[in-house]
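Below is one structure, written out as structure tokens; the observations come after it.
The values are calculated or read from the model by the stated rules, or taken from the named source; none is laboratory data. Predicted, not measured: the structure shown is a model, and the values here were computed from it. A quick note on method: Cβ atoms are made from the backbone with ideal geometry, for glycine too, and the neighbour counts reach across all protein chains shown. Only protein heavy atoms, including side chains, enter the accessible area calculation; ligands, DNA and RNA are left aside. Shrake-Rupley method; radii C 1.70, N 1.55, O 1.52, S 1.80 Å.
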Amino acid sequence: RVLVLSPHYDDAPLSLGQSLLDGALSEHRVTVGVVFSRSNWTIWFHPTRRRWPLATAIRWAEELRNARRFGYRTRLGGLEETVLRTGVIAPESFLNPDFDAAQSPALDQVVAMLKRWSADHDVVIAPLGIGDHVDHQLVTEAACRIMEGGATVAFYEDRPYAVASDETALA
């Protein structure tokens, strides 16, 4: 039983799609846990706080389509993504190279959720936190914390952020 942590909708299929289809993950019972599943990020309209239920419904429908296509189950964390938590839509608010996930007030809530989720799985696969996305860094730090607590955790490169990163950042 494998739990793949996806900070947002679509992060797991973007990063691990081929493995889910016919690679190593296709041989296992996979659940994708979308940690920050309250979203207002969509191409269909300008994101505002009051539109989060509609944006979340759109993103959830997209995730269900991905789950059918790639053969995984889903679990929703219900936490608000950075844009909703802060109310700031500017990329600098969620792509922050100076963000310290270990000091974030949101970390304890993410760690508690991952502890509950990981109890039902043999292996947890988490993003590496590449690309300075605040939510990805929070999930990575929380995964490190549950690993310190005894959970078996592996990591994957965050796509598309890893593609845009130079060799130094990847190292």
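Screening L84, L5, L64 for residues that are of a type outside the set (D, E), over 21 Å from V123 (Cβ atoms) and modelled with pLDDT of 95 or more leaves exactly one candidate, L64. So is D158 touching a Gly at 6+ places or on another chain (Cβ under 7 Å) and modelled with pLDDT under 95 or not? For D158, the condition - touching a Gly at 6+ places or on another chain (Cβ under 7 Å) and modelled with pLDDT under 95 - is met. Going by what's in this entry, would E92 be described as open to solvent by 70 Å² or more (accessible area, probe 1.4 Å) and closer than 23 Å to V163 by Cβ? So E92 passes the test. Quick check on this structure: which one of E141, E63 is in a helix (DSSP H, G or I) and in contact with a Pro (Cβ under 9 Å, 6 or more places away or on another chain)? Going through E141, E63 in turn, just one is in a helix (DSSP H, G or I) and in contact with a Pro (Cβ under 9 Å, 6 or more places away or on another chain): E63. Set side by side, the residues V110, V124 differ, and just one is touching a Ser or Thr at 6+ places or on another chain (Cβ under 6 Å), surrounded by 16 or more Cβ atoms within 10 Å (Cβ to Cβ) and either basic (K, R) or within 22 Å of T152 (Cβ to Cβ) (or both), which is V124. For region 15-40, residues that are of a type in the set (A, V, I, L, M, F, W, C), touching a residue at least 60 places away in the same chain (Cβ under 8 Å) and either open to solvent by less than 10 Å² (accessible area, probe 1.4 Å) or over 17 Å from R1 (Cα atoms) (or both) total 2.
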